[in-house]
1. Among the residues of the stretch 145-183, which ones are of a type in the set (Ser, Thr, Tyr) and closer than 23 Å to residue 131 by Cα?
2. Can you tell me which of (1) modelled with pLDDT of 95 or more; (2) more than 18 Å from the chain's Cα centre (by Cα); (3) of a type outside the set (Val, Ile, Thr) is the one residue 106 doesn't meet?
3. Residue by residue through the stretch 47-77, note down the ones that are within 19 Å of residue 273 (Cα to Cα), open to solvent by 30 Å² or more (accessible area, probe 1.4 Å), in contact (Cβ under 8 Å) with a residue 12 or more places away in the chain and not in a helix (DSSP H, G or I).
4. Here are some residues: 101, 66. Which one is outside the structural domain of residue 233 (by the TED database) and closer than 18 Å to residue 44 by Cα?
5. Within the stretch 249-295, work out how many residues are modelled with pLDDT under 50 and closer than 25 Å to residue 155 by Cβ.
6. Among the residues of the stretch 87-98, write down those that are more than 14 Å from residue 274 (Cβ to Cβ) and either assigned to a helix (DSSP H, G or I) or assigned by the TED database to the domain that holds residue 160 (or both).
7. Do the conditions hold for residue 27, that is, is it over 23 Å from the mean Cα position of the chain (by Cα) and either in a loop (DSSP other than H, G, I, E, B) or at pLDDT below 95 (or both)?
8. For residue 33, indicate whether it is surrounded by fewer than 17 Cβ atoms within 10 Å (Cβ to Cβ), in a helix (DSSP H, G or I) and in contact (Cβ under 8 Å) with a residue 60 or more places away in the chain.
Amino acid sequence: MQLRTVATAANEKGVTEPRRLPEPASPLQPAVLQAISAMHARYFDPITLGDLASEVFVSPFHFSRIFTKATGVTPGRYLTAIRLFEAKRLLLTTSLTVSDIVCSVGYSSVGTFTSRFTRAVGMTPTQYRDPEVGELLVALAPHFQRLPSLEALHSAGMGCASMRSGTGTISVRVETPRGAGPASVLIGLFAESIPQCGPVAFGGRANVLSADIEIQNVPEGRWTVIAVAEHAAGTAASSFSVGTLPGRVDITRYGRVHLRMPMRTPQPTDAPMAITLAGNPTSTGNRMTMPAPDYLRAVA
């Protein structure tokens, strides 16, 4: 069985020692891929767990178990991620009213959608239409990938409302996929396994194949670590790759964690992700109908 290195709890000096965990060995279940395809095709419909289970001819209990094992999240959370991604897409690329968008992504109540969106994303749907949100958008989905320049993220993203100050440090050994060209790599620490708002801390480097990236001032807590890389054009591999770890990473006060992050091409089971490093903007009426930047038109 192949093994890989991840981080353990901190030792008496506050530095973690690597341990080895087994690689996931089970192949993707066709039922899971069929269910994910159905979610992407009908996210605007009132889909239930029973509907998906019957569509792939298994019991709801068995379906929920195999889906969670393959994706890391429940079917309900995965469907919510798709709906929120599509809501963000429509907010950034169209002049549809919030009411129209609510109906387009499977919600029946504007109030319920607005409260859930604001709680998950950290800003209201109207505030999300601020141009800076799109300019500092990091997105990874089957039909859209985007990573702004690291210079833009570092200069403007430090004002991100989700950022928190701390005393911990994470050092991540990034290993890009074989055959991929040099890449700009962004690493973020998030409170959720499928993040909807910005990171509590982040770091990155440009033009790397394998490199150690250090993130300082990390707050105490248990965080999901996600890396996104955009590779140079002209390589045979995918232009984007992603890195995740099994489980969360514990950060203690003044602790230091060392991680190994093997990057991979995006998989069909990856939930769509769209986060912005913009701060909380002040919404204005003019921003509601501003045309989307050209790079965002590719989302539609």
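The values are calculated or read from the model by the stated rules, or taken from the named source; none is laboratory data. What you see is a predicted model, and the numbers here were worked out from it, not measured in a lab. Positions of Cβ are generated from backbone atoms using ideal geometry, with glycine treated the same way; all protein chains shown enter the neighbour counts. We work out accessible area using only protein heavy atoms, side chains counted, and drop any ligands, DNA or RNA first. Shrake-Rupley method; radii C 1.70, N 1.55, O 1.52, S 1.80 Å.
1. First pass over the stretch 145-183, keeping only residues of a type in the set (Ser, Thr, Tyr): 149, 155, 162, 165, 167, 169, 171, 176.
Listed by number, the residues that qualify are 149, 155, 162.
2. Only one criterion is unmet by residue 106, namely (1).
3. If the condition is that a residue be within 19 Å of residue 273 (Cα to Cα), open to solvent by 30 Å² or more (accessible area, probe 1.4 Å), in contact (Cβ under 8 Å) with a residue 12 or more places away in the chain and not in a helix (DSSP H, G or I), then 72 is the only one that fits.
4. Only one candidate passes the filter, namely 101.
5. Qualifying residue count, the stretch 249-295: 10.
6. 98
7. On the way: over 23 Å from the mean Cα position of the chain (by Cα): no; either in a loop (DSSP other than H, G, I, E, B) or at pLDDT below 95 (or both): yes.
For residue 27, the condition - over 23 Å from the mean Cα position of the chain (by Cα) and either in a loop (DSSP other than H, G, I, E, B) or at pLDDT below 95 (or both) - is not met.
8. Details: surrounded by fewer than 17 Cβ atoms within 10 Å (Cβ to Cβ): yes; in a helix (DSSP H, G or I): yes; in contact (Cβ under 8 Å) with a residue 60 or more places away in the chain: yes.
It is true that residue 33 is surrounded by fewer than 17 Cβ atoms within 10 Å (Cβ to Cβ), in a helix (DSSP H, G or I) and in contact (Cβ under 8 Å) with a residue 60 or more places away in the chain.
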